[in-house]
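Here the structure is laid out as structure tokens; the discussion comes afterwards.
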Amino acid sequence: MIRFEKKGHTGILTLDRPEALNALNSETLVELHKTVEALRSDETLRCLVVTGAGKAFVAGADIAEMKDLSREEAVEFARRGNAAFCALENLEIPVIAAVNGFALGGGCELALCADIRIASEKAKFGQPEVGLGITPGFGGTQRLTRTVNRANAMELILTGGIINAEEALRIGLVSRVVAPENLMDETMKLAEAIAANAPIAVRGAKKAMRLRYMHLLADDLETEARLFGDCFETEDQRMAMTSFVDKSPKSEFKGK
């Protein structure tokens, strides 16, 4: 479910579950975590590009797997996602997300773990979890508010709305938008420009810029995971996720 290749000093990590729009299930999260940890031993790697196979970057977490989780199982699922995502975020080398399509829920949260995000004109971003009766569980409430201004983060998360690439650029969620056919070429040019610089200096600059960002993040992610788990004891979550999986009309939320 994870493909890795290397071109010069740049690695390319591809989420490869296109039949499910690269949705993140437990197996994918574990494989992602192992793959990222293995990259730490490669001293010749200077930059990493993360992208998705097919028409999606990552369409979100796997709702079919999540639907019937208990509160405790949901907290562990969130922790599993956070472990994989933090491993990616904490790489010493710069990470670039090449967002080729849908980056929703867990997909948006994965993109937020990158240091730089480049979007295809076809990319879509959003945290639609509240429409499924849950909160973001893989860091969305924390990383989004650390990336764009608080009001824009609040609007995206509390409405569950989806924005296009140009709006993502306007609010600072991505650094540039390119034609779909040019996405990987432009991303690789940027990666190669970074990789051409002094490796120790690049790693040091990344570490210095992230010091304030990382302050208390681990504690904040654990709080988010517990709030995510609380949602799995509600009727709203069970109704909304069942409707999503069954492709049936969703009832009105009751706040129970």
* Structure fact -> Residues whose modelled amide H sits under 5 Å from the amide H of Arg117, counting only those 5 or more places away in sequence or on another chain, are Ala97, Ser175
* FRET efficiency estimate (nearest 0.05) - Cβ-Cβ, Leu227 to Ala179, R0 45 angstrom -> 0.70
* **Packing rank of 100-108, 157-165, where each peptide gets the mean count of other beta carbons within 10 Å, highest leading** => 100-108, 157-165
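Which chymotrypsin sites (Phe, Trp or Tyr not before Pro) in region 176-256 sit in a loop by DSSP (not H, G, I, E or B) and have at most 13 other Cβ atoms within 10 Å of their own Cβ?
Of the chymotrypsin sites (Phe, Trp or Tyr not before Pro), the ones in loops of region 176-256 whose Cβ has at most 13 other Cβ atoms within 10 Å are Tyr213.
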* Give me the distance in nm between label points sitting 7 Å out from Cα along the Cα-to-Cβ direction at Glu43 and Ser248, one decimal. => 6.0
* Asked: If you place +1 on the Cβ of every Lys and Arg, -1 on the Cβ of every Asp and Glu, and leave all else neutral, what size is the dipole of the chain about its Cα centre, to the nearest 20 Debye?
  -> 680
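Stretched out fully, how many nm does the piece from Asn90 to Ile162 gain, at 0.36 nm a residue minus the Cα gap?
Contour length minus Cα-Cα distance gives 23.2 nm.
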* Asked: Computed on alpha carbon atoms, what radius of gyration and Dmax characterise the chain, expressed in Å?
  -> 17.6, 56
* Asked: Under a 5 Å amide H to amide H cut-off, with H placed in plane at 1.01 Å, what residues pair with Ile2 once short-range neighbours are removed?
  -> Asp16
* **Estimated inter-spin distance, Arg170 and Asn197, nm [label 7 Å along Cα→Cβ]** => 3.0
* Taking a threshold of 25 Å on the Cα-Cα distance, which of the pairs Lys34/Lys247; Lys122/Lys189; Lys67/Lys254; Lys55/Lys256 fall above it? -> Lys34/Lys247; Lys55/Lys256
* Shape of region 161-256, Cα gyration tensor, a/c cut at 1.5 -> oblate
* Asked: Residue farthest toward the positive end of the dipole of region 111-221, with Cβ of Lys/Arg at +1 and Asp/Glu at -1: which of Ser120, His215, Val178?
  -> His215
* **Sparse-neighbour loop sites [GluC sites (Glu not before Pro); region 1-63; at most 10 other C-beta within 10 Å; DSSP]** => Glu43
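Coordinate-derived values only; no laboratory data. Model, not experiment: these values are computed from the prediction. Don't worry about glycine lacking a Cβ; one is built from the backbone with ideal geometry, like all the others, and counts go over all protein chains shown.
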